[in-house]
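Inspection log for the structure reproduced underneath, given as structure tokens.
Nothing in this text is a laboratory measurement; each read-out follows from the coordinates by a stated rule. What you see is a predicted model, and the numbers here were worked out from it, not measured in a lab. Neighbour counts run over all protein chains shown; Cβ positions are idealised from the backbone, glycine included.
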Amino acid sequence: MKKSVLSGIVFCLSLLFIVTSVFAENNKQTMGRVTLKKIGFAQDIVIQGPNFNFSFFVPLTKEMNVKDGLLDLHIRIPKTVHTDATMTLMINDIPYTSIRLSEIKGEGENISFKANLKDVQLLPNSTFMKVQMMIDRPYTQNKCERIFDKGQWIILKNSTSIYYKKNENVHESKVNKFLDGIFNQVVIVIPSNPSISLSESYVKLYAFLIREFSDRDVRISTVHSMPNNTEGSRIIVLDEKNKGINMLKENELYIEPKQVDGFISTFRDVLFANKIEEADVVNSTTNNASQVYSLKMLGYNSTRVQGIGNMPTNYTFTLSDLGGLPKKLLFVYNGTYVPLDEQKGKAFLKFYLNDSLIKAVPLSGNGTIDGLVIEIPTSLLNRENNFQIVYSYYPKEGQCLGDAVLFEGETSDSSFFEVLSYDEENPLTFLSIPSAFNGKGAMVLPNTKDKNYLEYLYLASSLYASIKQFDQSPLNIQIISKSQVDETNADYYIFGIPIDELDKNFGFIKGKKTELSVVNHDDGKVLFRVKQDEPIGILQIFYYDKRPALSIGQLGASSVSEQFAQYLVQKNAIRQLIGNVAFFDSGEFVSYEIGKKQSLKNINTWNFAYYYEKYKIPFYVILWITVVSFIVLIYFRLSRIPNQLKKKSK
């Protein structure tokens, strides 16, 4: 009896385990996850105090059931932030839950807070969910203490996740929703022998996808046949037999090549982006007339600060944003601030460039600053620059309590940089990207029947996409052959043809080269050497027919095109370059300025002097061995002669 009861219990437990396992497996298969990194936050988010407040928007699709999911916040909170502070979560502007920081478990400064989303209230047919995190510290009457307290920051990690249950058999069917939702990669399918028109469409589509997803941890790849596993992917097939734009499956889109421009335009209307303002392209090499670049042109809106102490606003820009290296540069400031009572405190307006203080101006008067001119020392300029505007307000003793008024100031987006003149020796360099490459471009590729066509199509497409990551200008490019260059009217050129096919007017490195060196002008030191048959990628920038041009190619016995192309589309690949010639070697770029600081030395491999210089050591070793062997042989031959004479005399 006991044995049968025990057997029954074991059977029931086994059955329960199997059912639980199956349920867990099914549940695992139907759960999805989206991280902050996936929706566009490439880096962790630093949130400044004294009261911490940050909002983010989670895109929703019909397949996402967030009510059966949870929110998993990953936060780093310094110990200096009061543990009695309260964290409040708002979902769609409605308070959802609150908890004291002291009640959240974690390891050291890193904590993880999970909130079940079963009671979340979603707006009807909403395409996003707003999540707001607020941390309120215990109130104190002393305003200065609240603001100057050390550790006034927290970090929201981009690994913060929203888990959701997938609604089976529910999919978006609209084309303009095709790139919504959460996925890991976009795969472009093109034939292995694409036509010129299809290739042009591919170049535009690839550049558009790289531009839109560079910060969202989404991989863009190209294949020639439909992949077997399409889970977590969006598949775009460029097919000349297809008419129009058709979705045959929820994650498969078939586009007629000539419809790519229309497809891109559709998403330009629905993606989160600022309105594009068209402007005339200016010639950055003109030294006679000044050029003006407002904060608005650089992508910044008017900004407002409020509080006590230093209240900074940062503006980043590259030399390319200013059209090149300025010889004389001004910044003209426009702004407003709350008028001050000098008996209660003092205020200053400070300007920094790359952490160096340029100017500090005491504030007084009616609260308006109109056209304050700051001369920028060009010696402080780098390729990438951080310009900081700081309002500083220091109240006098006794002005921090009760109804003390906080300082408030605003920087207008009409403030501008003015380049009065450029460096007279301002040649075309990688710093000219992307400003010099606007308008209509021409991409020069081998003949479509050439065995290298696809390889150089991918290289040149990656280069074009890398340039277009930095702006939202229209994608306007045509593909031509080398023989069509002189009859094509383009604003700039991208040459994607083998190095040995480049003529004398195409850059610095051209023709058949087996070895070359980069030599420093000052001391004759060899800075870089391309060895014979060593695989290496080459990028050059130069003027062709008075138009800016880029050339991409490779040298060596084996190809580096795939690795080269993948590296190019990384966000900062082009931004790190200086000079006018770059080599892609061992997975990274090294760049030089040929002409002004360095020169190229081509090594002729078709003469005796080249081989002598390269192989003189083994040559002398072999010669020494040969001579010694010959001497030893002669010695033994001569040593036998006396013995032979003796034998004959006997």
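Numbers at a glance
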{"quantity": "Residue-count net charge about LEU36 - beta-carbon cut-off 12 Å; Lys, Arg +1, Asp, Glu -1", "calculated": "+1"}
{"quantity": "Label-point separation, TYR543 to GLN570 (7 Å along Cα→Cβ), nm", "calculated": "3.3 nm"}
{"quantity": "Most to least packed among 123-132, 431-440 [average Cβ atoms within 10 Å]", "calculated": "431-440, 123-132"}
{"quantity": "Loop-resident sites, segment 57-129, for trypsin sites (Lys or Arg not before Pro), counting at most 11 other Cβ within 10 Å (DSSP)", "calculated": "LYS79, LYS105, LYS118"}
{"quantity": "Highest-first arrangement of 360-372, 376-388, where packing means the average Cβ count within 10 Å", "calculated": "376-388, 360-372"}
{"quantity": "Stretch gain in nm, segment ILE94-LEU380, where the contour uses 0.36 nm per residue and the Cα spacing is subtracted", "calculated": "98.2 nm"}
{"quantity": "Stretch gain in nm, segment GLU408-SER126, where the contour uses 0.36 nm per residue and the Cα spacing is subtracted", "calculated": "97.9 nm"}
{"quantity": "Loop trypsin sites (Lys or Arg not before Pro), segment 227-263 (other Cβ atoms within 10 Å of the site Cβ: 12 or fewer; DSSP)", "calculated": "LYS241, LYS243"}
{"quantity": "Efficiency of FRET between ASN242 and VAL338 - r from beta-carbon atoms, R0 60 angstrom, step 0.05", "calculated": "0.45"}
{"quantity": "DSSP beta bridge pairing in segment 175-276, given as percent antiparallel to the nearest 5", "calculated": "20 percent"}
{"quantity": "Nearest-0.05 FRET efficiency for LEU527 and LEU638, computed from C-beta distance (R0 45 Å)", "calculated": "0.25"}
{"quantity": "LYS166 versus GLN48: modelled label distance in nm, points set 7 Å from Cα along the beta carbon direction", "calculated": "4.2 nm"}
{"quantity": "Gain on full stretching of the segment that runs from LYS296 to LYS359 - 0.36 nm per residue minus C-alpha separation", "calculated": "20.4 nm"}
{"quantity": "Links that overshoot a 29 Å alpha carbon limit, given the list LYS157/LYS359; LYS166/LYS249; LYS571/LYS601; LYS114/LYS468", "calculated": "LYS157/LYS359; LYS571/LYS601; LYS114/LYS468"}
{"quantity": "Rounded, prolate or oblate (a/c below 1.5 giving rounded, otherwise prolate when a/b exceeds b/c) for segment 292-422 by Cα gyration tensor", "calculated": "prolate"}
{"quantity": "FRET E, pair SER225, PHE57, Förster distance 51 Å, beta-carbon r, rounded to 0.05", "calculated": "0.90"}
{"quantity": "Convex hull per residue volume in Å³, alpha carbons only, for segment 430-592", "calculated": "114 Å³"}
{"quantity": "Shape box of segment 405-486 [Cα atoms, principal axes, largest first, Å]", "calculated": "73, 35, 17"}
{"quantity": "In segment 538-604, GluC sites (Glu not before Pro) in a DSSP loop with at most 13 other beta-carbon atoms within 10 Å", "calculated": "none"}
